[in-house]
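**Q** There's a structure below that I have some questions on.
The values are calculated or read from the model by the stated rules, or taken from the named source; none is laboratory data. What you are looking at is a predicted structure, and each value in this text was computed from that prediction instead of being measured. FYI the Cβ positions are ideal-geometry reconstructions off the backbone, even for glycines, and counts take in every protein chain you see. Heavy atoms of the whole protein, side chains included, go into the accessibility calculation; ligands, DNA and RNA do not. Shrake-Rupley method; radii C 1.70, N 1.55, O 1.52, S 1.80 Å.
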Amino acid sequence: MEQNNPQLRNVGNLGDILKHAALMNIAKMLTGRNSARFAYIETHAFMLEASCPNPAQWERETKAELTKHPAYNDYYAAEKKVLDKLPYRCSAGLVIDKLKKANATDAVIVLAEKNEATREILRDQLGRNQVKNYTILEDALRLGFIKLPDDVGTLLILVDPFILDDQLWNGIVAALSKTVKPEMEVVLELFTFDKKQTAVQWPSPPAGMVGPISVMHRQPYHLAVYATAALRENVSLKCQALGWSMH
């Protein structure tokens, strides 16, 4: 059943390394910032963990980043078990691990995943990880039907399509406009893939956010981060520590 999803071939590649190190460090910063109830939204969730097809390559590429930027250390420590042929922790899995470490047991998890077979695996993994407060959506554009609890004060979002187009971005922004409240502290990490461009033109931020405030271009992988104004400096510093550029 797992073999139906082509994402399995890419688990632990350089795009994952760049994306997941930033996501981990931002999640750690947000969970340590205050005691506000936390929510995590991911638009293309895949799984909590999956087999890494090339652990040796993962180690080479991660250590290359770690040599230049010690801030990759938390990510390396979290994933080095792949060298013992254990599963690679994917984005939602890494965030859930940070929430557990912060004792954020009331966190709200919203994950969208189009692949039906993968959704079933994801649901099983959430159960085995003892995650109770979660919603799985069939499509990212259904985020507009989600209402977060009134006491959610901190929101981390990962938008991670294979191809980012205006229709998808505008749909996600419209959905978030119904979900995000003005008083929330919000960070959005955006990842896209483009073989043809050394850099990409980033879309305008969702309402109430600024950015992109930091970017990373490692063709074909492109990443950007947006945030509410109060978080701008802290989030930018976290990304710069990983080799991202100010924008």
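**Q** Provide 85, 100 ordered by accessible surface of protein heavy atoms (probe 1.4 Å), highest first.
**A** Correct descending sequence by accessible area is 85, 100.
**Q** Also, quick follow-up: May I ask you to list the residues of the range 83-103 whose amide nitrogen lies under 19 Å from a point 7 Å from Cα along the Cα→beta-carbon direction of residue 73?
**A** It comes to 98, nothing else.
**Q** If I build a Gaussian network model for the chain, linking alpha-carbon pairs within less than 10 angstrom, which residue out of 91, 177, 35 has the largest mean-square fluctuation?
**A** In the Gaussian network model the winner is 35.
**Q** What is the gain in length, in nm to one decimal, between residue 184 and residue 135 on full extension, counting 0.36 nm per residue of separation less the C-alpha to C-alpha distance?
**A** Values: separation 49, 0.36 × 49 = 17.64 nm, distance 2.00 nm.
Stretched fully, the residue 184-residue 135 segment lengthens by 15.6 nm.
**Q** Scan around residue 51 for amide H atoms under 5 Å from its own, H built in the peptide plane at 1.01 Å from N, and keep only partners 5 or more places away or cross-chain.
**A** Amide H neighbours of residue 51: 88.
**Q** Could I ask something else about it? Ranked by accessible surface with a 1.4 Å probe, highest first, in what order do 43, 135, 198 come? It would help to have the intermediate numbers written out before the result.
**A** Numbers: 43 5, 135 55, 198 100 Å².
Ranked from most to least accessible, the order is 198, 135, 43.
**Q** Once you've got the GNM for the chain with C-alpha springs shorter than 10 Å, pick whichever of 46, 145, 191 has the biggest mean-square fluctuation.
**A** 145
**Q** What's the FRET efficiency of residue 229 with residue 170 using the Cβ-Cβ distance as r and R₀ = 25 Å, to the nearest 0.05?
**A** Working: r = 22 Å, r/R0 = 0.89.
For residue 229 and residue 170, the calculated efficiency is 0.65.
**Q** At 0.36 nm per residue, minus the direct Cα-Cα distance, what do residue 247 and residue 120 gain on full extension? Give it in nm, one decimal, please.
**A** The residue 247-residue 120 span can extend by a further 41.8 nm.
**Q** Place the peptides 59-71, 155-167 in order of packing, highest mean first, counting for every residue the other Cβ atoms within 10 Å and averaging per peptide.
**A** Result, highest mean Cβ count within 10 Å first: 155-167, 59-71.
**Q** Would you mind pulling out the separation of the Cα centroids of the range 13-71 and the range 91-143, in Å?
**A** Here the two parts' Cα centres lie 16 Å apart.
**Q** Net charge within 9 Å of residue 20 by Cβ-Cβ distance, Lys/Arg positive one each and Asp/Glu negative one each, not counting residue 20 itself?
**A** Neighbour charge sum, excluding residue 20 itself: 0.
**Q** Taking a probe of 1.4 angstrom, what is the accessible area of residue 183 in Å², to the nearest 10?
**A** Estimated to the nearest 10 Å², residue 183 gives 130 Å².
**Q** What pairs from 81/132; 80/195; 80/196; 68/98; 68/100; 28/80 go past 22 Å between their alpha carbons?
**A** Violating the 22 Å limit, Cα to Cα: 81/132; 80/195; 80/196; 68/98; 68/100.
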